[in-house]
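> Take this structure, written in structure tokens, and hold onto it; I'll ask about it next.
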Amino acid sequence: MSYKKKIPSSPRIDPQDEPQNFYIAELVQECRVEGYATSSVWVNIHIVKAGSPAEAYAKASKLGKSHNRKYKAGSEARNARWIFRGIRDLIPIYEKIEDGAEVMFEAHERMTEKRIIKMLRAKSDILKNIQGAPA
């Protein structure tokens, strides 16, 4: 079994290091449809710019709530709604945001070759869900 943990990139090593005023906010959104016992839940990952962790939390919460909405789902036009359930995590970014910047990574321990290969996906699989991307 592997061990997986999300870790902010460039973790604070020097006490002088300061966040770059950007945070990764993991927002939990529930899609609830009338007549169904279970819901779909999405974890949406956003970058939030803020001067402090408290400000980032407030901005992320406001952002999440801004996606609350009601609508009619499916051919039966069932009542449905997206509900912001909360913030799963808020991670400061210590590296300057620019092309190629690493903002977070996952650490996987005790990985066999088979499990490493299983993590990888073909280019066509990665690109097929990105609208407008050539395969």
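> Just to be sure, is Asn79 of a type in the set (S, T, N, Q), farther than 14 Å from Glu26 by Cβ and touching a residue at least 24 places away in the same chain (Cβ under 8 Å)?
Working: of a type in the set (S, T, N, Q): yes; farther than 14 Å from Glu26 by Cβ: yes; touching a residue at least 24 places away in the same chain (Cβ under 8 Å): yes.
So Asn79 passes the test.
> Hey, another quick one. So, Ala50, is that one aliphatic (A, V, I, L, M) and at pLDDT below 95 or not? Break it down into steps so the answer makes sense when it comes.
On the way: aliphatic (A, V, I, L, M): yes; at pLDDT below 95: no.
Against the criterion (aliphatic (A, V, I, L, M) and at pLDDT below 95), Ala50 does not qualify.
> With (1) in contact (Cβ under 8 Å) with a residue 12 or more places away in the chain; (2) over 18 Å from Gly86 (Cα atoms); (3) hydrophobic (A, V, I, L, M, F, W, C) as the list, and Val41 as the residue in question, which single condition is left unmet?
Going through (1) in contact (Cβ under 8 Å) with a residue 12 or more places away in the chain; (2) over 18 Å from Gly86 (Cα atoms); (3) hydrophobic (A, V, I, L, M, F, W, C) one by one, Val41 breaks only (2).
> Which residues, counting only those in segment 67-121, are of a type in the set (Val, Ile, Thr) and in contact with a helix residue (DSSP H, G or I) (Cβ under 6 Å, 6 or more places away or on another chain)?
Of segment 67-121, the ones of a type in the set (Val, Ile, Thr) are 83, 87, 91, 93, 97, 103, 112, 116-117.
Residue satisfying the conditions is Ile87 alone.
> Which one is surrounded by the most Cβ atoms within 10 Å (Cβ to Cβ) among residues in segment 24-69 that are of a type in the set (A, V, I, L, M, F, W, C) and assigned to a loop (DSSP other than H, G, I, E, B)?
Within segment 24-69, the first condition is being of a type in the set (A, V, I, L, M, F, W, C), and the residues that meet it are 24-25, 27-28, 31, 33, 37, 41-43, 45, 47-48, 50, 54, 56, 58, 60, 63.
Checking the rest, the ones that are also assigned to a loop (DSSP other than H, G, I, E, B) come to 37, 50.
Values: Ala37: 4, Ala50: 19.
Only one residue tops the list, namely Ala50.
> Pairs under 9 Å by beta carbon, first residue farther than 20 Å from Ser52 by Cα in segment 89-102, partner surrounded by 13 or more Cβ atoms within 10 Å (Cβ to Cβ) and of a type in the set (A, V, I, L, M), six or more apart or different chains?
Ala101/Ile93
> Applying the selection to segment 70-105, what residues are part of a loop (DSSP other than H, G, I, E, B) and either of a type in the set (S, T, N, Q) or surrounded by fewer than 12 Cβ atoms within 10 Å (Cβ to Cβ) (or both)? Even if it seems obvious, please write down each step before you answer.
Going through segment 70-105, the residues part of a loop (DSSP other than H, G, I, E, B) turn out to be 74-77, 94-103.
Answer for segment 70-105, where residues must be part of a loop (DSSP other than H, G, I, E, B) and either of a type in the set (S, T, N, Q) or surrounded by fewer than 12 Cβ atoms within 10 Å (Cβ to Cβ) (or both): Gly74, Ser75, Glu76, Ala77, Lys96, Glu98, Asp99, Gly100, Glu102.
The values are calculated or read from the model by the stated rules, or taken from the named source; none is laboratory data. As the structure is a computational prediction, the values presented were derived from the model and not from experiment. As a convention, Cβ positions derive from the backbone with ideal geometry for all residues, glycine included, and neighbour counts pool all protein chains shown.
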